[in-house]
Amino acid sequence: MSEKTIPYKIYLEESEMPTAWYNLRADMKNKPAPLLDPNTHKPMTADDLAGVFCEELIRQELDDTTAYIEIPEEIRSFYKMYRPAPLVRAYCLEEYLQTPAKIYYKFEGNNTSGSHKLNSAIAQAYYAKKQGLKGVTTETGAGQWGTALSMACSYFGLDCKVFMVKGSYEQKPHRREVMRVYGASVTPSPSTETAVGRKILAEFPGTSGSLGCAISEAVEKAVSTEGYRYVLGSVLNQVLLHQSVIGLESKAAMDKYGIKPDIIIGCAGGGSNLGGLISPFMGEKLRGEADYRFIAVEPSSCPSLTRGVFGYDYCDTGMICPLSKMYTLGSGFIPAAHHAGGLRYHGMNSVLSQLYADGLMEAVSVPQTAVFAAAEQFARVEGTLPAPESSHAIRVAIDEALKCKETGEEKTILFGLTGTGYFDMYAYEKFHNGQMDDYTPSDEELEKARASMPVVE
Ligand SMILES: *Cc1c(COP(=O)(O)O)cnc(C)c1O
């Protein structure tokens with residue numbers, strides 16, 4: 001191979017790190033639809049939301065016009081402990097694939113939570129502390145968000161109460177223990193601690209729980225406990241805002257070497273890493289300054305963009321959260337087990353949903369055995385053990401690189417490697433033993449789940 005003019009890893013200097021988050025909504029002509037009250041179907045005001053969420057986070061959630069929002073000094077200091085995250089040139093993967101494509105990935109797994117979730121957790125904990133709150137509640141599925149929030153809360157001296165989806169709580173006891181290292185209290189959901197949990201348990205005894213159910217419990221706990229608020233690690237616009245640090249760093253690193261990506265790829269659960277990664281690039285596209293292809297990758301077992309409908313839906317099973325206009329499978333949709341836990345949400349962030357509806361972004365769904373095959377190829381040549389969620393992006397990055405091999409095009413591909421997979425060995429084991437199936441929901445199943453959507457005039 002010829003002399004490499006681009007380094008394997010491009011790091012920014014601390015002084016080159018972003019000092020403001022970028023709010024993509026400011027440059028969108030079609031703004032995402034407002035959150036609605038689940039009972040009256042009227043747009044939620046800041047006052048309506050104040051009992052559930054932190055004040056400053058509500059301001060960020062509702063702000064569709066301010067393009068740059070300063071990152072407070074305290075958060076920037078914390079970021080410096082584990083950021084800037086490296087932008088890696090996947091030379092070894094390119095060589096292995098024998099592709100003329102140039103592949104880059106932004107690696108967000110360099111912290112104990114093992115994912116990008118810490119970028120928003122530390123911001124949310126900071127604003128909760130600043131408001132003088134005692135603690136926060138949340139839910140966690142796979143466990144990365146719960147871990148990230150536990151770390152952030154211990155840093156700022158806040159109580160942290162986590163409702164963890166029961167199936168995951170039992171399958172990943174070590175995740176739970178990491179959260180307890182940071183002082184969080186962890187309850188398997190559904191639990192008897194909340195009215196909504198007791199109701200779900202009575203209706204479905206022996207259920208292993210779901211994300212939508214754990215959200216309902218965490219919200220109920222927050223609004224019924226003095227000095228507490230609820231925080232969420234994905235889906236919301238404020239989370240996309242905080243995660244824009246991923247895209248801003250990626251763009252700054254690429255600009256340093258005059259690199260311009262042709263295709264930008266990210267896995268999509270609730271949409272926060274993808275939204276964060278593409279933000280500054282999508283901003284350029286919206287302002288007519290540059291063009292890129294954006295690809296969202298979702299599991300074929302939970303295909304909210306590729307097979308869902310665009311409409312108002314409940315964000316949780318208990319139907320107590322605001323309604324959001326998004327691509328959704330219906331809040332009653334229960335995705336098949338044994339899958340990348342972080343991608344099992346029925347809906348999608350409303351900014352990404354609007355961009356997809358406007359034809360500014362593409363989406364594909366991939367079956368999980370193909371995802372794990374890509375994960376393993378990647379691990380064997382690039383070294384890092386990827387999270388199953390992140391491996392969805394790897395799958396499509398490899399597929400696009402192989403297309404370049406056929407056509408001889410030297411495209412530049414950027415994808416988000418959102419985290420590491422150390423706690424996902426059960427899934428890798430299933431894959432190795434040939435016990436992993438590629439369950440895809442039938443049209444009838446999706447039709448049935450859609451019936452749970454509210455009718456909004
Ligand atoms: C949570 C998670 C995701 C999916 O969440 P988004 O909000 O869609 O980014 C992806 N990868 C990892 C490692 C995660 O922990």
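The values are calculated or read from the model by the stated rules, or taken from the named source; none is laboratory data. Treat the numbers as computed from the prediction; the structure is a model and nothing was measured. For neighbour counting, all protein chains shown are included, and Cβ atoms are generated from backbone atoms with ideal geometry for every residue, glycine included.
When you scan the range 132-145, do you find a residue that is among the basic types (Lys, Arg) and farther than 25 Å from Arg344 by Cβ, even just one?
Yes - at least one qualifying residue is present in the range 132-145.
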Quick one: in the range 125-142, of everything that is assigned to a helix (DSSP H, G or I) and aliphatic (A, V, I, L, M), which residue is nearest to Gly270 (Cα to Cα)?
Ala125
Members of the range 77-90 that are assigned to a helix (DSSP H, G or I) and touching a helix residue (DSSP H, G or I) at 6+ places or on another chain (Cβ under 9 Å):
Phe78, Tyr79, Lys80, Tyr82
Report yes if Ile122 is touching a residue at least 40 places away in the same chain (Cβ under 8 Å), closer than 19 Å to Cys315 by Cα, assigned to a helix (DSSP H, G or I) and not aromatic (Phe, Trp, Tyr), otherwise no.
no
The number of residues in the range 95-110 that are touching a residue at least 40 places away in the same chain (Cβ under 8 Å), assigned to a loop (DSSP other than H, G, I, E, B), surrounded by fewer than 24 Cβ atoms within 10 Å (Cβ to Cβ) and within 16 Å of the ligand (Cβ to nearest atom) is 1
Being without any contact (Cβ under 8 Å) to a residue 12 or more places away in the chain and either acidic (Asp, Glu) or under 21 Å from Asp424 (Cα atoms) (or both): is that true of Glu203 here?
yes
Going through the range 392-414 in order, the residues found to be among the polar types (S, T, N, Q) and touching a strand residue (DSSP E or B) at 6+ places or on another chain (Cβ under 9 Å) are Thr412
Filtered residue count, the range 361-382, keeping only those that are assigned to a loop (DSSP other than H, G, I, E, B) and over 26 Å from Gln171 (Cβ atoms):
1
Right, Ser191: touching a strand residue (DSSP E or B) at 6+ places or on another chain (Cβ under 8 Å), under 21 Å from Ser210 (Cα atoms) and either part of a helix (DSSP H, G or I) or not hydrophobic (A, V, I, L, M, F, W, C) (or both) or not?
yes
How many residues, within the range 274-308, are acidic (Asp, Glu) and at pLDDT below 95?
0
Looking at the range 268-302, which of the residues that are aliphatic (A, V, I, L, M) and more than 14 Å from Gly342 (Cα to Cα) is farthest from the ligand (Cβ to nearest atom)?
Ala290
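One line per residue, one yes/no per condition, for (1) over 22 Å from the mean Cα position of the chain (by Cα); (2) at pLDDT 95 or above; (3) among the acidic types (Asp, Glu):
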site: Phe156; (1), (2), (3): yes, yes, no
site: Lys161; (1), (2), (3): no, yes, no
site: Met179; (1), (2), (3): no, yes, no
site: Thr192; (1), (2), (3): yes, yes, no
site: Phe204; (1), (2), (3): yes, no, no
site: Gly209; (1), (2), (3): no, no, no
site: Gly212; (1), (2), (3): no, no, no
site: Lys260; (1), (2), (3): yes, yes, no
Does at least one position in the range 304-319 carry a residue that is within 22 Å of Ala152 (Cα to Cα), of a type in the set (D, E, K, R) and touching a strand residue (DSSP E or B) at 6+ places or on another chain (Cβ under 7 Å)?
no
Listed residues Gly341, Gly311; which is farther than 16 Å from Gly275 by Cβ, at pLDDT 95 or above and either not hydroxyl-bearing (Ser, Thr, Tyr) or not assigned by TED's automatic domain parsing to the domain that holds Leu49 (or both)?
Gly311
Among what's in the range 387-425 and is within 16 Å of the ligand (Cβ to nearest atom) and part of a strand (DSSP E or B), pick the residue that is farthest from the chain's Cα centre (by Cα).
Leu414
Just give me the residues in the range 71-126 being polar (S, T, N, Q) and over 19 Å from the mean Cα position of the chain (by Cα), in sequence order.
Ser77, Gln98, Thr99
Answer yes or no: is there a residue in the range 177-192 that is within 16 Å of the ligand (Cβ to nearest atom), within 24 Å of Asn119 (Cα to Cα) and in contact with a Lys or Arg (Cβ under 7 Å, 6 or more places away or on another chain).
no
Of everything in the range 206-243 that's at positive phi and in contact (Cβ under 8 Å) with a residue 60 or more places away in the chain, which residue is farthest from the ligand (Cβ to nearest atom)?
Gly227
